[in-house]
Amino acid sequence: MENSLFENAKQAVSRFTQNRRQNGGHTANAQDMQAAKQAIQSAYSQCSQQEKQQLQQLEQQLDNDHQNMR
């Protein structure tokens, strides 16, 4: 199950990023961003230290993409 939560988080961030790119770098779906954040938070509770580091990187990527939307 832990792996599933981690994979869900990675996929959610990937969906957000892909949707943003498909929209020409402009707006992405706010629901996709929220889903990605929730998936990351859920995964934190049940993952290894190495996965936590990767989740932090995903959070940074999400935050950077969000900053670039403005």
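Read-outs: derived from the displayed coordinates by stated rules, not from any lab. Small disclaimer: the values here were computed from a predicted structure and weren't measured. Every residue, glycine among them, receives a Cβ derived from its backbone with ideal geometry; neighbour counts consider all protein chains shown.
Can you give the local net charge around L58? Use residues other than it whose beta-carbon is closer than 13 angstrom to its beta-carbon, Lys and Arg +1, Asp and Glu -1. If you can, show how the numbers build up before the last one.
Details: positive: K10, R15, K37, K52; negative: E7, E51, E59, D63, D65.
Result for the local shell: -1.
Under a Cβ-Cβ cut-off of 11 Å, what is the net charge of the residues other than R20 that fall near it, where Lys and Arg count +1 and Asp and Glu count -1? Let's see the in-between values first.
Values: positive: R15, R21; negative: D32, D65.
It works out to a net charge of 0.
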